[in-house]
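The values are calculated or read from the model by the stated rules, or taken from the named source; none is laboratory data. From a predicted model like this one, the values you see are computed outputs, not experimental measurements. Glycine also receives a Cβ, built like all others from the backbone with ideal geometry; neighbour counts cover every protein chain displayed.
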């Protein structure tokens, strides 16, 4: 029978006018709470909270854990569909892959820790998202990432790039999980706040999925994994506030990862799950033991007894609040049957890991803590978990009044478009990311069909649900992965930025021949306390909702990262440096046969080049306008989602027919960049092209460099031209022959003539120069 702890209640705080005593004021602010939240906690408890209670409430009510400013909007996103097995609410989402299998995937941010300590921040971001996946019984089989760094002219950028990439590679490589793709963007809006978004996907039998909501009364609560130390304390609240010039003082809030221990934890957990020794399980992520215990209790509708004396400590004499808030890595909290504990302990002992009884599940919706062998505290689960939900004030930003459609006649066409083309191909946002992804092991596991650097990652599924086992009979079924987002467009038109992020991801998957199935998102914004930021956020979510609904890609998991801003002093004034709204979409698609997947690079001389879709020629917000005219502050053209559906159905149909040899969507840098990349990324040879694309109402720069057109560049043998035209017509999508693949020269409209090897040289060194600068 559970012992009811005796908790000495302090009298309800008396009114003291507008100000609290200085000590109280310092306390609630140190814990990242607002005055109203502190008063609410006081009211709920019936007494003034001490540090232990403040610590738990501040962690669970933090933006990072509670989504208090965003959940009113997140509830509007589509979350259901024919292929959806598990939607939002669990550690990750799941889709039905057929054959009794499910794919589990999720994307999360680790922005604040990565800015403070880039190597460990990025490494533990990868480790944390992988734990979310194997917590559900799935073996992680691939990682991706979306990275945002400051301007390439910022002297700090090379350091951040180098350390973040090393951290990602270190953790993923040591875990034996390939990093198969991603995106890297450089912009001065990230000078003071870099972004690290990590994505992991795993595979599991549908009947082998484990949840955090299945605790039963009488179950033993078990702590497994690494010992608890002082690292990461207040990490959740740190990720829920802006930075200032004293960010180095927050290094202790950054977790330290050990991928070798996580590898052992992965194998031990999957073995225990296979032996049916686990009832429920939760990763100790943000807010550590606090979030894992309260979330498991809340989801199961029960309570717990937690014995703080039982926790294995790496640092002696830790206080109860330090134990509860530690975010030491490679730890799990799980529930098991009393009769199964010895067998469970045997599994974790075999792998050399801690496995300790720390409590039990009780038939009360309360968590009762014991410390020094005595009752210590008792907290109502609902009180802690059901934190505030804000519908914060929002207002359309003033700067948007000045963002108008581009008046192209106000800008002269550059005399030398060859030089413009070369500069674009060397720009770090266009240039090859090979110097980055070669630091990742992207082929371990031998499931990777296409390496990083192309439209989407393509993976086959040979089987790997259990170590050394293959029960899927080696088929060619596969899936595709892509992450995408354009912050410039989200800044200039937040709604269309949300639409574009989803559409671009789906387009990348369609360009390979895949069918988009579901998405996870990572929404990176500045402070939600700024009404203009909340307006941007609400518009982006609306855009994602509309696009995801139209394209039938439900949102099954995700993450919101607010407070990506830094207060700094400039000329005696405090300036707030904010990131642009940065919605990042991670998408999963299916393909029936990976051998039919199409890559974007040209294959053979003489192949005909076609433009599939519409070319509007709108330069608003383009990299060209920023690079050449130093002005990208124009409203970009919108996207017709009905046409997008027809276009993507068309490209998939053409690829499935076997008539398409290469396909690339037109995105950043415009049609020139799409053509140039297709010429120089073939791993076996350098090719070129001759293209004649004169559109009466468009200037040459509009034709060459307009971005995010609803169009693809495809190539095919000349003998199937008529079949292609007829097939495209069935979808009411325009198909126009524009040229042919040639040897090693790029020619367009008598305005561009460049040697392919010259372009390739610059393309391969744009990012390399930044990384090299880190070692100078």
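Each row is one residue, and each column tells you yes or no for (1) buried (at least 22 other Cβ atoms within 10 Å of the Cβ); (2) at pLDDT below 95; (3) touching a strand residue (DSSP E or B) at 6+ places or on another chain (Cβ under 7 Å).
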residue	(1), (2), (3)
451	no, yes, no
482	yes, no, yes
487	yes, no, yes
503	yes, no, no
512	yes, no, yes
543	yes, no, no
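Does residue 664 meet the test of being part of a strand (DSSP E or B) and within 33 Å of the chain's Cα centre (by Cα)?
yes
Pick out the one residue from 105, 31 that is modelled with pLDDT of 95 or more and within 28 Å of residue 558 (Cβ to Cβ).
Answer to the check: 105.
For residue 568, indicate whether it is over 20 Å from residue 499 (Cβ atoms) and surrounded by 13 or more Cβ atoms within 10 Å (Cβ to Cβ).
So residue 568 passes the test.
Looking only at residues that are at pLDDT 95 or above and surrounded by fewer than 24 Cβ atoms within 10 Å (Cβ to Cβ) in the stretch 224-237, which one is nearest to residue 85 (Cα to Cα)?
In this case the residue turns out to be 226.
Taking residue 714 and the conditions (1) within 27 Å of residue 506 (Cβ to Cβ); (2) assigned to a helix (DSSP H, G or I); (3) at pLDDT 95 or above, which numbered condition does it fall short on, given that it satisfies the others?
If we test residue 714 against (1) within 27 Å of residue 506 (Cβ to Cβ); (2) assigned to a helix (DSSP H, G or I); (3) at pLDDT 95 or above, just (2) comes out false.
Report yes if some residue within the stretch 540-547 is part of a strand (DSSP E or B) and not assigned by TED's automatic domain parsing to the domain that holds residue 675; otherwise report no.
no
Does the stretch 635-654 contain any residue that is surrounded by fewer than 22 Cβ atoms within 10 Å (Cβ to Cβ), in contact with a helix residue (DSSP H, G or I) (Cβ under 8 Å, 6 or more places away or on another chain), at pLDDT below 95 and not in a loop (DSSP other than H, G, I, E, B)?
Looking for residues that are surrounded by fewer than 22 Cβ atoms within 10 Å (Cβ to Cβ), in contact with a helix residue (DSSP H, G or I) (Cβ under 8 Å, 6 or more places away or on another chain), at pLDDT below 95 and not in a loop (DSSP other than H, G, I, E, B), one finds at least one in the stretch 635-654, hence yes.
Would you be able to tell me the number of residues in the stretch 257-277 that are crowded, with 18+ Cβ neighbours inside 10 Å and part of a loop (DSSP other than H, G, I, E, B)?
3
Filter the stretch 415-439 for residues that are surrounded by 15 or more Cβ atoms within 10 Å (Cβ to Cβ), assigned to a loop (DSSP other than H, G, I, E, B) and modelled with pLDDT of 95 or more and give the result.
Hits for the stretch 415-439 are 427, 428, 429, 430, 431, 432, 433.
From 571, 599, 582, grab the single residue that is at positive phi and either modelled with pLDDT under 95 or in contact with a strand residue (DSSP E or B) (Cβ under 8 Å, 6 or more places away or on another chain) (or both).
571
Out of the residues in the stretch 51-69 that are assigned to a loop (DSSP other than H, G, I, E, B) and surrounded by fewer than 23 Cβ atoms within 10 Å (Cβ to Cβ), which is nearest to the chain's Cα centre (by Cα)?
67
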